[in-house]
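Asks: I have a structure I would like to understand better, so I am pasting it below and will then ask my questions one at a time.
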Amino acid sequence: MKTLRNIAAGSLGLALVFSSLTAMDAQAVERVPGQINGDRSSGCVVDWTARAMLDQNMDNIPVGLRKGPYSTSGFMETVHPDYGSKAILENHHWFNPVSDVQYWRIPVGAEFGILPGATLTVDLPDDMTNVRLISDLSTEVKNITVDQFMERQTFGALARKLDWDIVPNATQTDAARNIWTLTFPNGLPEGHAAVVEFVGTGDRTKHYEATSHFRGLRETDEKGNACLTTPEPELTVGQCQAGVVGRTTFSPYSKDIDLREKYADRWQGTGTLWGEAGADGWDPSRQYSDAAGATRRMRFYAATERELKDATMTVSAPQGATFDEASIASALTPGGGALVSNGFSQKVEGISNPTVSADKKTLTFTVAHMPANSSLSVEVTAVLTGEKAFDTPTSKPMVFFHTLVGSIPGCEVSPTPTTPATEPTPNQPQEPNKPENPKAENPKKAGPLAHTGATSGMVLGAAGMTLIAGLLAAKRRKA
């Protein structure tokens, strides 16, 4: 497929672009019988579809899809507030009035936030050529802002609530079928939306159809619950030990760590933060891919204000990543980053070589001695697993747990008290064991005769013995 290098070439100029936009601005796409509600979302999963046909010959558009001129007709499937949806996705369409150029404008937005990683797949007509994408409509509208332009469309109050300022990344993923994939690395934060436009060559006498499919993950469900939950770490500290625990969250769509959480003594506890275990991270390639196999460079560090000995540092990746053991760099002490400037300037002693578990999910090393105000750090490459959330295009964030546990010098472990076994009182007879349920000593009631052969025989034998005993008693009475 050729790339349209200069849209002004031929009979199309910017003036026509502006006039076409203005002409479409005044028209309203109303809901008509025969249209399908394209909102198939469920729970946290966003699933929208829009389909439309472009044909100036109204005879080629089903009667149920006719509403006004051709440019406001042919909407086969749509996501619109008129259907009760809290979202917008439509394929607006028209021809340039004086040349064989077709337009497909696609607004996408919602009154709720959508997480990074969402995708919009647009399947344009196969024979639409010289396609150009306008991902920022502010270059096209005339004398007004994009927000003002979109407010004049047919989305009612929802369009007026939104800022139409999101610009997605776009790639033609299938040239033969003219399919484009638009990604939203920042998602659609609450209150923000996107509108894109495809322009290309198309015979004004022909019939065209296009489909758009948006899929992503909401920030929260309709009850306000977060749609992505984060695993929580645990910390076990024994007698004469001290520990710190931390959790780091790093989205593959982010250029830096999203969230660092550091706690001492116990997770989400109220203990004084006398030390810390945490992480720094970055993408040396600056590609910020969320695909499985993509990498991030991680620096895991530990620092302590109190003296510790025989400490163990454990870093695990419960979600979204594994560790490349071959990429581990020598430990640095004092640690890198801002540790020294934060007062942790002393060196530790006796760092072991870090090891990675067989499943590549846990990194462990030991430290013989950590003086007060000391620190260390170790760098390793984290490999993304590409794990998706709820079968959507959205990748789960990488989550790392880090714990540091060491012994407190000079502290003596208290012996564990023992309780002597209770002896029975001498010369006191012991009662026999009784079942917890006295009824359990009684035999079960026999089942129906037709169902249990063994039970049937036992019942018949008992009846016969009863009959014989009765006859003997009668005979003795007669005698």
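Asks: Charges on Cβ only, +1 for Lys and Arg, -1 for Asp and Glu, centred on the Cα centroid of the range 177-250; of H213, A193, T230, which one is farthest towards the dipole's positive end?
Replies: Of the options given, the answer is H213.
Asks: Another question about this same structure. How far apart, in nm, are two points set 7 Å out from the Cα along the Cα-to-Cβ line at V98 and at M58?
Replies: Calculated label separation equals 2.5 nm.
Asks: Probe radius 1.4 Å, ligands and nucleic acids ignored: give me the carbon and sulfur share of the accessible area of the range 164-217 as a rounded percent.
Replies: About 47 percent, which is the carbon plus sulfur part of the accessible surface.
Asks: Which shape class applies to the range 211-268: rounded if a/c is under 1.5, otherwise prolate when a/b exceeds b/c and oblate if not, where a ≥ b ≥ c are the square roots of the Cα gyration tensor eigenvalues?
Replies: Since a/c reaches 1.5 and a/b is larger than b/c, the shape of the range 211-268 is classed as prolate.
Asks: In square angstrom, what is the accessible area per residue of the range 251-357 with a 1.4 angstrom probe?
Replies: I get 49 Å² per residue for this part.
Asks: What nm value, rounded to one decimal, do you get for the distance between K388 and T181 when each label is placed 7 Å out toward the C-beta?
Replies: 1.0 nm
Asks: Please give the residues of the range 332-366, grouped as numeric ranges, whose backbone N is less than 15 Å from a label point set 7 Å along the Cα-to-Cβ vector of E325.
Replies: 353-365
Asks: Provide the FRET efficiency to the nearest 0.05 for the V340-K161 pair, computing r from the beta carbons and using R0 = 41 Å.
Replies: 0.25
Asks: Would you mind working out the magnitude of the charge dipole of the range 68-199 relative to its Cα centre, with +1 at each Lys and Arg C-beta and -1 at each Asp and Glu C-beta, to the nearest 20 Debye?
Replies: Roughly 180 debye for the range 68-199.
Asks: What percentage of the solvent-accessible surface of the range 296-380, computed with a 1.4 Å probe over protein heavy atoms, is contributed by carbon and sulfur atoms?
Replies: Of all accessible area on the range 296-380, carbon and sulfur atoms account for 46 percent.
Asks: Right, next: Go ahead and collect, in residue order, the members of the range 271-305 whose backbone nitrogen is under 16 Å from a label point 7 Å along the Cα-Cβ direction of T171.
Replies: 285-295
Asks: Given the Cα-Cα distance of Q287 and S352 and 0.36 nm per residue of separation, how much length would full extension add, in nm?
Replies: Between Q287 and S352, full extension yields an extra 20.1 nm.
Asks: Further question on the same structure: Using a/c under 1.5 as the rounded threshold, could you call the range 93-218 rounded, prolate or oblate? The axes a ≥ b ≥ c are square roots of the C-alpha gyration tensor eigenvalues, and prolate needs a/b larger than b/c, oblate otherwise.
Replies: Oblate shape, in that a/c is at least 1.5 and b/c is the bigger or equal ratio.
Asks: Sticking with this one: Among K161/K255; K255/K361; K67/K206; K86/K388; K255/K347, which pairs are too far apart, with a Cα-Cα distance over 27 Å?
Replies: K161/K255; K255/K347
Asks: Straight distance only, please: which aspartates and glutamates reach the Cα of K360 with their own Cα at less than 17 Å, same-chain residues fewer than 8 apart left out?
Replies: Correct list for K360: D324, E325, E379, E387.
The values are calculated or read from the model by the stated rules, or taken from the named source; none is laboratory data. What you see is a predicted model, and the numbers here were worked out from it, not measured in a lab. Ideal geometry is used to build each Cβ from the backbone, glycine not excepted, and the neighbour counts take in all protein chains shown. Note: accessible area is taken over every heavy atom of the protein model, side chains too, but ligands, DNA and RNA are not part of it. Shrake-Rupley method; radii C 1.70, N 1.55, O 1.52, S 1.80 Å.
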